[in-house]
Amino acid sequence: MSPAPGYDAVVIGAGFAGLYMVYRLREDGFRVLGVEAGDGVGGTWYWNRYPGARCDSESMYYSFSFLPEFEQEWPLEERYPTQPVILDYLRTVAGRLDLPKHFVFGARIDSVRYDDQAGWWTVRAGDRLAVTARYVITATGALSASNRPQFPGAALFEGEQHSTASWPAEPVPLAGRRAGLIGTGSSGVQVLPELARQAQSVTVFQRTAQFVTPARQERLDPRLVALWKANYQEIRRRTKFTPGGIPIPSPLRSAAELSAAEQTALCEEAWRRGGIWFLDGTFSDAVTSLETNAIVASFVRSKISEIVTDPVVAEKLKPWTHAWGTKRVPVGSDYYETYNRPNVSLVDLRQDPIEEITARGIRTRSGEHPLDVIVYATGFDALTGSIERLHVEGRNGDRLEDAWAGGPRTYLGLMVPGFPNLFTITGPGSPGVVTNVPVAIEQHVEWIADLLGHARDHGHKTVEAALSAADEWTAHVQDVANTTLYPTADSWYMGANIPGKPRVFLPYIGGLDVYRQRCDEIAAAGYPGFELGGEPAAAAPALAVTPAEERGAAEVGRGA
Ligand code: N01
């Protein structure tokens, strides 16, 4: 029998997922270590601190549901929380739950290897850390492996270059400077108005025009907040049984059931309310029927014409390359309005592509655009990137990148055959990114913790997804996507934003409610599709972790 590993579980990441996973496992009596590349907690909200960064989910719903006392205390001031507010929230939660002592910060994991003989994982972060654990849980975020295209000449640029996905902690001086912005997804849409307010000029380099929805950001009425808080637990309960993790009524009628005037009135009302009300609140078939989709798309294009005063600019901003909603719809504040400012100009890269970056700026086919600062809002290697960058090797030294070379294969988005005792929170095949993410994260964390408790109670050493179950789930993820228009777009949902990435639909879009029910049924039936086995655990896990033990073990691991 092998000796016991250093930890029962290593959790990688200290965002919503990592914090809750560490908390839950600690409370369940597992010896758990969290490891985080950043110097503090926050995950996505630690790195994406660009000016204008806010969440698209409303403040009320963008938080943990398992802290009923704390949720009463936490102030809700604006409809959408800003990045500093969310970071403060996560730091405060981590402090309250005494979680930072269980983490090693500033350690970027670059090797996760399974030892078949011992039945555990060795997790390394360069020379900084090496630890062993029975279980590894990736809480690395679905949208955290940033994508920065390598334009020729970029190293020669004499100004500053920054990615929204790893923005400096200190404010970037913009006053009196000429900024260039590459990318018009959610990040670009949020950062543009702030750049335009602060910089002397902004040139936007747009490859694909987007359908941007108005956020309608506002300060919250304290009376409304009081009402919400009085009913918080009931709202949370309902939230868990919605497809998207936000309890708004799903539209029941297709566009075909309404007259043209009714269709327009409905779109106008949803547009007036903004955010989720337009994204999920128009027609029941907005992303399944081409005809209905064309109505929504045409409505947004008409709004662009209304808002943008220069008709040439307005035309460039109108999306024609994809159906509405099939690329993640950015939610913006003053996005289209910003193009009416005299200091903002737009380059349509489909007509005028980037040829190189020079010492002085960006050269497109039509000429050079002199710049002092280049901002890359060019997205992420979504869902798979942050897991693959850990360099995971499972049974027989098989590499995860190879196992996923034709597209990721998972069971429930949580486990990969051939990689025992490795769990992926909001991984490919999970509904996480198409929901209000903390709600999906809580479901994943609780379900994984229950499974680990079950394995412990029954003396199982390994938990592994069966190949047949993973194949069935992976096919199901594609089948559900294929009932919609989503796969028709070149989106990060399809891996289409990363050159060479297999073109498969990455998240599960069947709904968090349906997914939750399936997971619950699987748990109730004794986990069919999972192989629970191996010799009984070498020793019963310790029932409590003392700070001294935890620090000692982490120190021993460092540089080992
Ligand atoms: O990234 P994106 P993002 N040359 O991939 C362009 C979440 N999020 O960081 O569309 C020129 O959406 C690319 O062009 P194209 C949210 O889920 C949430 O903005 O591929 N351009 C696109 O315009 C979101 O969907 C929040 O043709 C290039 C842009 O860069 C996800 O994160 C806030 C290029 C990338 O857009 C990702 O959003 C922010 C190239 N070589 C993000 N490569 C909130 O909740 C890429 N582009 C508020």
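No lab work stands behind these numbers, since they all come straight from the coordinates. All figures in this text were calculated on a predicted structure; none of them were measured in a lab. Don't worry about glycine lacking a Cβ; one is built from the backbone with ideal geometry, like all the others, and counts go over all protein chains shown.
I need the peptides 24-37, 158-171 ranked by packing, meaning the mean over residues of other C-beta atoms within 10 angstrom, with the highest value on top.
The densest-packed peptide leads the list: 24-37, 158-171.
With r as the distance between the Cβ atoms of A475 and R238 and R0 = 25 Å, compute the FRET efficiency 1/(1 + (r/R0)^6) and round to 0.05.
After rounding to 0.05, the efficiency reads 0.20.
Along the Cα→Cβ direction, 7 angstrom out, place labels at Q150 and A359. What is the inter-label distance in nm?
2.3
Rounded to the nearest 500, what is the chain's calculated 222 nm mean residue ellipticity when only DSSP H runs of at least 4 contribute -39500 (n - 2.57) each, over all residues?
That calculation yields -9500 deg cm²/dmol at 222 nm.
Quick check: convex hull over the Cα atoms of segment 367-509, volume per residue in Å³, rounded to an integer? Write out the running numbers ahead of the final one.
Numbers: hull volume 22.0 nm³, N = 143.
Enclosed volume per residue, from the Cα hull, is 154 Å³.
Percent relative contact order of segment 57-171, based on C-alpha pairs within less than 8 angstrom and at least six residues apart?
Relative contact order of segment 57-171: 12 percent.
Averaging sequence separations of C-alpha pairs under 8 Å and six or more residues apart, then dividing by the length of segment 103-241, give the relative contact order as a whole percent.
Computed over segment 103-241, the figure is 12 percent.
Find how much the distance from T483 to R503 grows on full extension, using 0.36 nm per residue of separation minus their present alpha carbon separation; answer in nm with one decimal.
5.5 nm
Please list 3J(HN,Hα) in residue order for segment 170-179, calculated via the Karplus relation 6.51 cos²θ - 1.76 cosθ + 1.60 where θ = phi - 60°; whole Hz, with x for glycine and proline.
For segment 170-179, the Karplus-derived couplings read 7, x, 7, x, 10, 4, x, 10, 9, 9 Hz, x marking Gly and Pro.
Given H placed 1.01 Å from N in the peptide plane, which residues other than close sequence neighbours of A53 have an amide H under 5 Å from its amide H?
Here Q83 satisfy the definition.
Using the count of nearby Cβ atoms within 10 Å as a rough guide to exposure, how do W492, W74, W404 rank from fewest to most?
Values: W492 25, W74 17, W404 20.
Ranked by crowding around the Cβ, least crowded first: W74, W404, W492.
Tell me which residues come under 5 Å, amide H to amide H, from T184 once H is placed; ignore anything under 5 positions away on its chain.
The list, which skips near neighbours in sequence, is R207, T208.
If you take the beta carbon distance between F105 and S254 as r and set R0 to 51 Å, what does 1/(1 + (r/R0)^6) give as a FRET efficiency, to the nearest 0.05? All intermediate terms of the calculation are to be shown ahead of the outcome.
Values: r = 50 Å, r/R0 = 0.98.
Step by step, r from the Cβ atoms, then E = 0.50.
In percent, what relative contact order does segment 394-514 have, based on Cα pairs under 8 Å that are 6 or more apart in sequence?
Details: 167 pairs, mean separation 36.9, N = 121.
Computed over segment 394-514, the figure is 30 percent.
Greater than 32 Å separation of Cα atoms is the criterion. Which listed pairs, K318/K501; K240/K327; K229/K303, meet it? Present the calculation step by step, with values, prior to reporting the outcome.
Values: K318/K501 27 Å; K240/K327 25 Å; K229/K303 35 Å.
Beyond 32 Å between Cα atoms: K229/K303.
Need one word for segment 300-395: rounded, prolate or oblate. Basis is the Cα gyration tensor (sqrt eigenvalues a ≥ b ≥ c); a/c below 1.5 gives rounded, then a/b vs b/c decides.
Numbers: a/c = 2.41, a/b = 1.38, b/c = 1.75.
Oblate.
When the label point is put 7 Å from the Cα of L290 along its Cα-to-beta-carbon vector, which residues of segment 313-352 have a backbone N closer than 18 Å?
320-327
Taking θ = phi - 60°, what integer Hz values does the Karplus form 6.51 cos²θ - 1.76 cosθ + 1.60 yield along segment 91-101, in sequence order, with x for Gly and Pro?
Residue by residue, segment 91-101 yields 5, 5, 4, 4, x, 4, 8, 6, 8, x, 5 Hz.
Residue-wise, which Karplus ³J(HN,Hα) couplings in Hz belong to segment 314-329, taking 6.51 cos²θ - 1.76 cosθ + 1.60, θ = phi - 60°, and x for glycine or proline?
Along segment 314-329, the couplings run 4, 4, 5, 7, 7, x, 10, 8, 8, 6, 4, x, 7, 9, 3, 7 Hz.
Please report W121, W45, W271 as a ranked list, fewest other C-beta atoms within 10 angstrom at the top and most at the bottom.
Starting with the residue having the fewest Cβ neighbours, the order is W271, W45, W121.
Could you size up the charge dipole of the chain around its Cα centre, putting +1 on the beta carbon of Lys and Arg and -1 on that of Asp and Glu, and report it in debye to the nearest 20?
Details: 53 positive and 66 negative charges, 153 e Å.
The calculation lands at about 740 debye.
Measure nothing but the geometry: give the 0 to 90° angle between the long axis through the Cα atoms of 512-524 and the longest principal axis through the Cα atoms of the chain, rounded to 10°.
For 512-524 against the chain, the angle is about 10 degrees.
Taking Cα atoms, how many degrees apart are the long axis of helix 290-307 and the longest axis of the chain, rounded to 10 and kept between 0 and 90?
Value to nearest ten degrees: 60.
Amide H to amide H under 5 Å from Y508: which residues, 5+ apart in sequence or cross-chain, H placed 1.01 Å off N in plane?
Sorted by chain and number, the residues that satisfy this are G429, S430, G432.
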